[in-house]
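The values are calculated or read from the model by the stated rules, or taken from the named source; none is laboratory data. This one's a predicted model, so the numbers in the text were calculated from it and none came from an experiment. Glycine gets a Cβ as well: all are built from the backbone with ideal geometry, and neighbour counts include every protein chain shown. Remember, those area values only see protein heavy atoms, side chains included, never the ligands or the DNA or RNA. Shrake-Rupley method; radii C 1.70, N 1.55, O 1.52, S 1.80 Å.
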Amino acid sequence: MGTATLEPTSIKKGFKSEEYFINMGPQHPATHGVLRLLLTIDGEIIKKVDPDLGYIHRSIEKMCESNSYQQIVHLTDRLDYLSSHINNEAVCLCVENALELEVPERVKVIRTILGELTRIASHTLWWGVMGMDVGAFSSYFYGFRDREMINDIFEETCGARLTMNYNIPGGLMQDIHPNFVKRVKEFIPHFRSKLPEYDRLLTGNIIFQKRTKGVGVLSKEDAINFGASGPVARASGYSCDVRKYHPYSALDKINFTEALDTTGDSFARYKVRIAEMWESLAIIEQLIDNIPEGDHKVATNAVIKLPKGEFYQKVETARGEFGVYIISTGTKNPYRVKFRSPGLSNLSLLNHIAVGGKIGDLVATMATIDIVVPDIDR
Amino acid sequence: MGYFSDIYHGIGTLLTGMRVTGKYFINARKGAITQQYPDNRDTLQMFERFRGEVVMPHDENNEHSCTGCQKCELACPNGSIEIIWDRVIDPETGKKKKAIDQHIYHLGMCTQCGLCVDACPSDAIKWAQNFENSVYDRTQLTRILNKPGSKVRAGVEE
């Protein structure tokens, strides 16, 4: 007989395993946009993740240098389009601080309410897409159903569903729509009854838990080292909520608890975001009944000229700390604008937490980091 | 947990989730928010502030209220608005007055930011709520907002 039969073990012995590259993206649905990940894998085990950026670079920072301060605001809609209202607020606050302009209380309260609604809208979309990334299809529709109510509020008051451009330096473009308070008050009990449904549908699901628990663990030290912010950092126990430490608009008068977790895995990031939706509801409830009367804007010059100097303002978007840095030379255009986007620093830790896992784990990790690629590429 | 209790617990969680979807499956008609577009075109009502495209309303005498002050042109971040204007002699006062020849609006470049409508001092331009803006040729996206033969309404000043 001799060598006639080839045993499976002998094949395994003779096969030399080698690392190889595989492209994930730029149009992979699980990368949430045009992001290309160069994976070095050994079988199914990830050895290295190289994010390749630049596929939707639009040079927004450079465009800002030739635009007036009113015109910059609408460009920030196109960064993190899921928290566009908070991005607008950041630019407006930065310009108002530089001009030492005090906006009316009414503007502050409305801005905070709209900001928290944006956060809920962003998190509901994330929740739906997160479910879809790990293989649950229903969550997508349930998330979008609740987001639709917020989008209607935005459309009625701001005039657009995604790129609102409702804030202007000095206040708001228009006063709130007469139906605004009514619609928000309808939304809060509706969403309060739907959020436990999210838990029943996905959080307790055994497949979902097996896919996310212990996957993509980020320690508190690494979260700080990589400059992570937002729910990603808070899930590792790093308390970094800008709303808490550097309150802006009406947030200094609000009681809310920062959602924290210590595990640092994908499931912890998921739980932090769910807890944040509850907190956002609580913030809106505290404000919606007592929106102060007053003007919706203060008059600014038609041509805004910032004093000479450097100005920075940070806010907490749905993804983390968003900063606007403006250098002014005293002319009507900024000399230089830099946006500190939460997505880029959160993406930078992907290689650190995905190495050693499987490709399927990478998809779950990517989903809980919740990157928006236009925010990273700008 | 043991092997069998693990399976038992796992099936339990799946059934909990399926109870949610089952509830909506049975009550599918209640609270469904799906819009039957484009079948509901006749009844579809957009919100009054929705920013579709910029239009210039004209009254029955074919008059608009654009004085040609070019504030919208300056406010636009993308150069979507071009105003071709000239000075004409006002028949009442005999003085030369600025008047628009063409108010050109490039919908293809517009980002619907709303700064032009906000900047207009005489409310000459406003937002239309139509959103079906696709055309076969991009030259159709360049629109002249003032109608031919129209003129500025008397009494509208800069």
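What to note about this one:
- Computing Rg and the Kirkwood Rh from the Cα coordinates of the range A:211-357 gives a ratio, Rg/Rh, of 1.07.
- Highest mobility in the GNM of chain B, judged by mean-square fluctuation with C-alpha springs under 10 Å and restricted to B:ILE83, B:ILE144, B:ILE26, is found for B:ILE26.
- At most 11 other Cβ within 10 Å, DSSP loop - GluC sites (Glu not before Pro), the range B:1-100: B:GLU48, B:GLU60, B:GLU92
- Shielding by partners for peptide A:63-70, expressed as the average number of C-beta atoms from other protein chains within 10 Å of each residue's C-beta, is 2.
- Looking at the protein assembly as shown, the accessible area is 48 square angstrom per residue; that uses a 1.4 Å probe and ignores ligands, DNA and RNA.
- Protein accessible area in the range B:53-152, 1.4 Å probe - carbon and sulfur %: 51 percent
- Solvent-accessible surface ranking, highest first, for A:HIS177, B:HIS9 at 1.4 angstrom: B:HIS9, A:HIS177
- Angstrom value of the Kirkwood radius, inverse mean 1/r, which spans all Cα pairs in the protein assembly as shown: 25.9 Å
- Cα-based convex hull volume of the range B:53-152 per residue, rounded to whole Å³: 107 Å³
- Between A:LYS220 and B:GLN129, the modelled labels are 5.3 nm apart [label points 7 Å from Cα along Cα→Cβ].
- Percent accessible area from carbon and sulfur atoms, the range A:143-274, protein chains only, probe 1.4 Å: 53 percent
- Gap separating the Cα centres of the range A:334-357 and the range B:1-76, nearest whole Å: 31 Å
- Solvent-accessible area buried by pairing B with A, both sides, nearest 100 square angstrom, 1.4 angstrom probe: 2500 Å²
- Where a label projected 7 Å from the Cα of A:GLU105 along Cα→Cβ would reach, residues of the range A:232-268 with amide N under 20 Å: A:247-256
- The modelled label-to-label distance between B:HIS9 and B:LEU74, using points 7 Å beyond Cα along the C-beta direction, is 6.9 nm.
- Cα long-axis angle, helix A:105-133 against chain A (0 to 90 degrees, to the nearest 10): 20 degrees
- Residue-level accessible surface for B:TRP85, protein heavy atoms, 1.4 Å, Å²: 90 Å²
- Per-residue average of Cβ from other chains inside 10 Å of A:203-213: 3
- Accessible area (Å², 1.4 Å probe, nearest 10) - A:PHE137: 120 Å²
- Result for chain A in a Gaussian network model with C-alpha springs under 10 Å: among A:ALA318, A:ALA302, A:ALA235, the largest mean-square fluctuation is at A:ALA302.
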